[in-house]
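Chemist: Structure incoming, see below.
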Amino acid sequence: MASRDIHGIDAPWGAFRHVGRDLRKVDGLAKATGAAMYTDDIALPGMLHAKTLRSPHAHARIRSIDAADALRLAGVHAVITGEHLPVTYGILPWTQDETALAVGKVRFVGEPVAAVAAVDEDAANAALKLIRVEYEPLHAYLDPFESLARHDPPIHEGRKDGNVSKHVHLAFGDVDAALAEADVVIEDDYVFHGTTHAAIEPHCAVGHYGADGVLTVWSSTQITHYVHRALARVLDVPAHRIRVIQPCLGGAFGGKSDPFSLEFVVAKLAMTTGRPVKMLYTREEVFYTHRGRHPMHMRYRTGATREGRLVGVDATIVIDGGAYSSYGLVTTYYAGQLLTGPYAFATYRFDSTRAFTNKPPCGPKRGHGSVQPRFAFEVQLDELASTLEIDPIEIRRRNLLGEHTTTVNGQRITSNGFARCLDVVEHASNWKTRHGQLPFGRGMGVAGSMYISGTNYPIYPNPMPQAAVQLKIDRSGLVTVFTGANDIGQGSNSIAQYLVAEELGLALDQVRVVSADTDLCPVDLGAYSSRETFMVGNALIDACRKVRPLVVRAVADHWQVDPSRVRFVDGVVVELDDPPLQPAGVAVGGEARPGASPPDAAAGRRWMTAAEAFQLAEARFDTLGATGAYNTPTLGGDYRGGTIGAAPAYSFTAHVVEVSVDVETGRITCEKVWIAHDCGRALNPMLVAGQMEGSAYMGVAEALMEAHGVNRFGLHAGPSLLDYRIPTTVDTPELAALIVESLDPEGPYGAKEAGEGPLHPAIPAISNAVFDAVGIRLKHLPFTPGKVLAALRARKDAAAGTPAPALAGGAR
Amino acid sequence: MRTAISRLSLVEPRSLRHALRLMRDEAGLVPLAGCTDLYVALNDGALRATRFLNLWPIEELRVIEPRGPVLFIGALATYSSLIRSADVRRRLPMLVSAAREVGGRQVQNRGTLGGNIANGSPAGDTLPVLAAAEATVVLGSATGTRRVPFTAFYKGYRTTVMRADELILGIEVPEVEGRQWFCKVGTRGAQAISKVVMAAVRAPHPRVALGSVAPTVVRVPKTEAALTGGASVDEARTILMSEIAPIDDIRSTAAYRRHVAGVLLGRFWEQTAAGRPVY
């Protein structure tokens, strides 16, 4: 399908005034000074505090719950259990298998069972201890292979496919024939261990049930709209009487993109008690809430010609889903669907199965569903390169997918800057003189990736816009933007400000953004799938281009000139020469402000402030406002599941990583990461670089430190930020963010995503760099010192001709 | 946010003598200073005590000074003050190295040496230093003062020879002959609990102490004897790896800890060899 050029990639007034500059975030100073209001900063008169009683069992039937003693405790206002909130929900309409509080049985250690509202947290905690729950423990499934092998008793009753959460099998071309004819086939197993988001702000929600019958929920969510829908369903309150607001948010990374127990609980308790109710999860509870990256057991077979051209890829993937579905259906597809770039596959097949286990439920984390297969495949590609004695960057070049093409599974590719990404990291890292040539113990590795920039498929099928905005144009010269977009730190509110100021020719402080409030803002689907900048950006340009002609016309008629001679620049309207001498760039120097006299005035040309222009337009056309929307074109392959993973544009990334390996202690130190990322156009290069650095940091952390696991009882192995390790500043490698711009025809001014794609290559690039450093292939994450030592020993033993000993008990 | 009117009470002593009398008179009174361990335990529900004695304002326990042949370090000396102290830098540089490894700046500003000793974690960063330096713990009570060799201070996992009425007043460190060496292998570069921590002194009779490899911090006399007797470092390493008894836990495995302890011994021996620059 041809790509659409919907708004153009050029500056609306000749030259960009805001786009492409390292501008401050709209909320930067408030966050830096501590003035920003997070959900936990909300305190309402008479507010109660709620706490959750959680399951001590990985899998058990609930025989009875007795809360009588808890209710008698002084300061306790209400206790609720599953019977008060029995309606199921789930982010996907096809897999609504969760309840706010356990009904009938518990499926993981830490699952919410009951909740207490009391005058303070201490009283609520004391009440939790008085709730007596009688459990009948059931067999706990902690291994996805066991879950698939047996399901008596099943984790979820009444399913015809036992403990299978989702199974996807898709084949494109004759993989078997291609692999049979390949000159070389590499086959291996890879394990991704599972990680969580570790956002610094824990989940928090405040519920308020007003005298007007309106239920308001403030929540640290990245999906206000879906929370709104889920609250209406579970609480049986009409959606128009519910208002959901996302205050300032302290990090999410995908960990706040489900409706969560606490949102329903504070709402229900507020309705029950008539008082506002707040619940703030402890760090420990955040670990139980999880929704982190799925553990995956992956078998890949990749065939290539002697020249290194890929002829076939065959993947079998078993996914450990944890206790509930969450986004699992999508994860199961993404595990296969998102691998088909940036390299062209002649044939491809994948079989992925998500199994339920009695562990905290997995979900989406930055690079949803595709970070794990990307790790496996890029390591396998590196192995292919070393087997064929081809340079690892060169083998990637030989398989480039190219731009304006279609992948083997039918995804439309528009702009593609991957070849340039490879050039940039190769050059910046001095790859040619250093890879394979560093002393033993030091090495370099490369990896590439592709990721979606928004997805064309809304989570619940509907024909309405996926992103919508509203503009209010005020006589004061202010434009207020209303958007349902969730700013989770990625800067979507800032991008909205820059784009509207750019489109309407205003100064930045003339644009204010109101976001993520379901009463005020048009629906946006939320901050997931790297969709906000792309989709909301397009919706904003759409809205601006509806209202801008009215203002221009009002001014042009006032001056009695042709509208083409009216230009808005930084909040000042100027009359251009006739004919315009420089149609592509208005010669306005410095930071012209409303009320100030721009240089053009000196030249004797007429000018007015934007406020005056808005007043002229308002007098002529009545109150000024506009709505704008964006919907993706119809995309995806013509087969069941073909639309999952279809995106209006794809971003591309290449990393080169340099590591040193201490062969005595087994410790890997990631010394430097060169990150080249094709983000289409960098609307704010500083924010893009920040996303690239943050992504690479997170990838390095997942490779070397993070591990989200449970012990043999299903109890979380270390639910704290001391035991769940993320890198400190001293552990963080040097990060070089190298922006590549491909100017996508469909993105706003050519922009694509930057927040998730740049994570992917970090993990395989580290494994590949370790191979360059010491000659071992690390295929099981995380790359702990114990695994490095075991691999070094195995290599030594293999060289000596003795069989390698098995890896001793999960070496860390 | 915890907003209840607290059930906890804090007793403020007027002086050290007063504090010692309060310890004598009230069983169950828990002394606190920097609170870097105590607040965590309280918040976690692991500490049931409700009455606490605030030692933080007792200035005389903050002293770091040479006293005759020994260096006295008051129990309230914070990690930051150890790092800054010229006396500690000169006489016990391995303690400075250890203090730098504890937590982050905030913890270093609040956490105290006495607290590290009293908490008695086998992973305590300063404890191998005190064991290798053959320090003495000075204990005070209303009835007097007594001195206990640091190596005899712990009876087992987080249990000590202290009586319920006693407070740690400080540490006395004798002159340490020989080159000092310290290394912590953590799960990350900072803000980590050790997998293995080692302090050692290169002297005619080398001293080696390890943390995180046994229920308490330990000296390894067999290993030390081997090194004293002129054994090669490889031989000593073999002895060390059988002499310690680490466990599997969330931070590491027994096998890895044993291996790394051996690696550290080798590095200690190599890096403190004659002719190597003093670190």
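Chemist: Please tell me if A:V217 is under 19 Å from A:M279 (Cα atoms), among the β-branched types (V, I, T) and in a strand (DSSP E or B). Let's see the steps before the verdict.
Modeler: Working: under 19 Å from A:M279 (Cα atoms): yes; among the β-branched types (V, I, T): yes; in a strand (DSSP E or B): yes.
Against the criterion (under 19 Å from A:M279 (Cα atoms), among the β-branched types (V, I, T) and in a strand (DSSP E or B)), A:V217 qualifies.
Chemist: Being within 13 Å of chain B (Cβ to nearest Cβ) and farther than 20 Å from A:T729 by Cβ is the filter here, so list the residues in the stretch A:656-674 that pass it.
Modeler: A:D662, A:V663, A:E664, A:T665, A:G666
Chemist: Looking at (1) of a type in the set (D, E); (2) within 14 Å of another protein chain (Cβ to nearest Cβ); (3) surrounded by fewer than 16 Cβ atoms within 10 Å (Cβ to Cβ), find the lone condition where A:D66 falls short.
Modeler: For A:D66, the failing item is (2).
Chemist: Within the stretch A:233-266, which residues are under 12 Å from A:L85 (Cα atoms) and of a type outside the set (S, T, Y)?
Modeler: If the condition is that a residue be under 12 Å from A:L85 (Cα atoms) and of a type outside the set (S, T, Y), then A:R233, A:V234, A:L235, A:D236, A:L262, A:E263, A:F264, A:V265, A:V266 are the ones that fit.
Chemist: Taking the stretch A:447-487 only, how many residues are in contact with a Pro (Cβ under 7 Å, 6 or more places away or on another chain), crowded, with 17+ Cβ neighbours inside 10 Å and touching a residue at least 60 places away in the same chain (Cβ under 8 Å)?
Modeler: 13
Chemist: Still on this structure, please answer the following. Report, by residue number, each residue of the stretch A:263-292 that is assigned to a loop (DSSP other than H, G, I, E, B) and of a type in the set (G, A, S).
Modeler: A:G274, A:G292, listed by residue number.
Chemist: Also, I was wondering about something else. How about the stretch A:710-731: which of its residues are under 20 Å from A:I668 (Cβ atoms) and more than 9 Å from chain B (Cβ to nearest Cβ)?
Modeler: Hit for the stretch A:710-731 is A:Y724, nothing else.
Chemist: A:A182 versus (1) farther than 30 Å from A:T784 by Cα; (2) in contact with a Ser or Thr (Cβ under 6 Å, 6 or more places away or on another chain); (3) not assigned by TED's automatic domain parsing to the domain that holds A:L101: which is the lone unmet condition?
Modeler: (2)
Chemist: Would you call B:V201 more than 9 Å from chain A (Cβ to nearest Cβ) and crowded, with 17+ Cβ neighbours inside 10 Å?
Modeler: Here the answer is yes, as B:V201 does meet what is asked.
Chemist: Right, next: In the stretch A:226-238, which residues are under 27 Å from A:Q490 (Cβ atoms) and either surrounded by fewer than 22 Cβ atoms within 10 Å (Cβ to Cβ) or touching a helix residue (DSSP H, G or I) at 6+ places or on another chain (Cβ under 8 Å) (or both)?
Modeler: A:V227, A:H228, A:R229, A:A230, A:L231
Chemist: Take the residues in the stretch B:224-272 that are away from chain A (no Cβ under 14 Å) and touching a residue at least 40 places away in the same chain (Cβ under 8 Å); name whichever of them is nearest to A:V788 (Cα to Cα).
Modeler: Among residues in the stretch B:224-272 that are away from chain A (no Cβ under 14 Å) and touching a residue at least 40 places away in the same chain (Cβ under 8 Å), the one nearest to A:V788 (Cα to Cα) is B:T272.
Chemist: Got at least one residue in the stretch B:55-62 being surrounded by fewer than 19 Cβ atoms within 10 Å (Cβ to Cβ) and aliphatic (A, V, I, L, M)?
Modeler: no
Chemist: Give just the number: which of (1) farther than 30 Å from A:A58 by Cβ; (2) among the small types (G, A, S); (3) surrounded by fewer than 24 Cβ atoms within 10 Å (Cβ to Cβ); (4) touching a helix residue (DSSP H, G or I) at 6+ places or on another chain (Cβ under 9 Å) does A:G747 not satisfy?
Modeler: (3)
Chemist: Mind telling me which of the residues A:T331, A:T282 ends up being assigned by TED's automatic domain parsing to the domain that holds A:A102 and hydroxyl-bearing (S, T, Y)?
Modeler: Exactly one of A:T331, A:T282 is assigned by TED's automatic domain parsing to the domain that holds A:A102 and hydroxyl-bearing (S, T, Y), namely A:T282.
Chemist: Here are B:A142, B:A132: which of them is within 17 Å of B:R91 (Cβ to Cβ) and either assigned by TED's automatic domain parsing to the domain that holds B:L92 or free of Cβ contacts under 8 Å to residues at least 24 places away in the same chain (or both)?
Modeler: Answer to the selection: B:A132.
Chemist: Run down B:A98, B:A123 and say which single residue is within 14 Å of chain A (Cβ to nearest Cβ) and of a type in the set (G, A, S).
Modeler: Values: B:A98 fails: within 14 Å of chain A (Cβ to nearest Cβ).
Only one candidate qualifies: B:A123.
Chemist: Let me ask something else. Farther than 30 Å from A:R545 by Cβ and among the small types (G, A, S): is that true of A:A11 in this structure?
Modeler: no
Chemist: Just to verify a result, which residue in the stretch A:439-471, among those that are at pLDDT 95 or above and of a type in the set (F, W, Y), is farthest from A:V659 (Cα to Cα)?
Modeler: A:Y451
Chemist: Within the group A:E702, A:E753, A:E706, which residue is within 14 Å of another protein chain (Cβ to nearest Cβ), closer than 27 Å to A:S651 by Cα and in a loop (DSSP other than H, G, I, E, B)?
Modeler: After applying the criteria, what remains is A:E706.
Chemist: Moving on to the next point. Tell me, yes or no, whether the stretch A:11-22 has at least one residue that is more than 14 Å from every other protein chain (Cβ to nearest Cβ), more than 30 Å from A:Y749 (Cα to Cα) and either touching a strand residue (DSSP E or B) at 6+ places or on another chain (Cβ under 6 Å) or assigned to a loop (DSSP other than H, G, I, E, B) (or both).
Modeler: Taking every residue of the stretch A:11-22 in turn, none turns out to be more than 14 Å from every other protein chain (Cβ to nearest Cβ), more than 30 Å from A:Y749 (Cα to Cα) and either touching a strand residue (DSSP E or B) at 6+ places or on another chain (Cβ under 6 Å) or assigned to a loop (DSSP other than H, G, I, E, B) (or both).
Chemist: State all residues of the stretch B:155-182 that are assigned to a strand (DSSP E or B) and surrounded by fewer than 21 Cβ atoms within 10 Å (Cβ to Cβ); if no residue qualifies, say none.
Modeler: Matches in the stretch B:155-182: B:K155, B:G156, B:T159, B:T160, B:E172, B:P174, B:R179.
Chemist: Give me a count of the residues in the stretch B:227-269 that are of a type in the set (G, A, S), part of a helix (DSSP H, G or I) and modelled with pLDDT under 95.
Modeler: Here the count works out to 3.
Chemist: Yes or no: B:I83 under 23 Å from B:G144 (Cβ atoms) and β-branched (V, I, T)?
Modeler: Details: under 23 Å from B:G144 (Cβ atoms): no; β-branched (V, I, T): yes.
In short, no.
Chemist: Hey, among B:V185, B:V220, B:V213, B:V196, which residue is within 12 Å of another protein chain (Cβ to nearest Cβ), of a type in the set (A, V, I, L, M) and buried (at least 24 other Cβ atoms within 10 Å of the Cβ)?
Modeler: On inspection, the qualifying residue turns out to be B:V196.
Chemist: Run down A:E157, A:E146, A:E83 and say which single residue is at negative phi, acidic (D, E), surrounded by fewer than 19 Cβ atoms within 10 Å (Cβ to Cβ) and over 33 Å from the mean Cα position of the chain (by Cα).
Modeler: Numbers: A:E157 fails: over 33 Å from the mean Cα position of the chain (by Cα); A:E146 fails: over 33 Å from the mean Cα position of the chain (by Cα).
When all the criteria are applied, what remains is A:E83.
Chemist: I've got another one for you. Do any residues in the stretch B:103-115 that are closer than 12 Å to B:A190 by Cβ and surrounded by 20 or more Cβ atoms within 10 Å (Cβ to Cβ) have Cβ atoms under 7 Å from those of residues that are modelled with pLDDT of 95 or more and hydroxyl-bearing (S, T, Y), where the two are at least six apart or on different chains, and which pairs are they?
Modeler: The qualifying pairs are B:Q108/B:T78; B:Q108/B:Y79; B:Q108/B:S80.
The values are calculated or read from the model by the stated rules, or taken from the named source; none is laboratory data. Computed from a predicted model, the values in this text were never measured in an experiment. Counting neighbours? That spans all protein chains shown, and the Cβs are built from the backbone with ideal geometry, glycine included.
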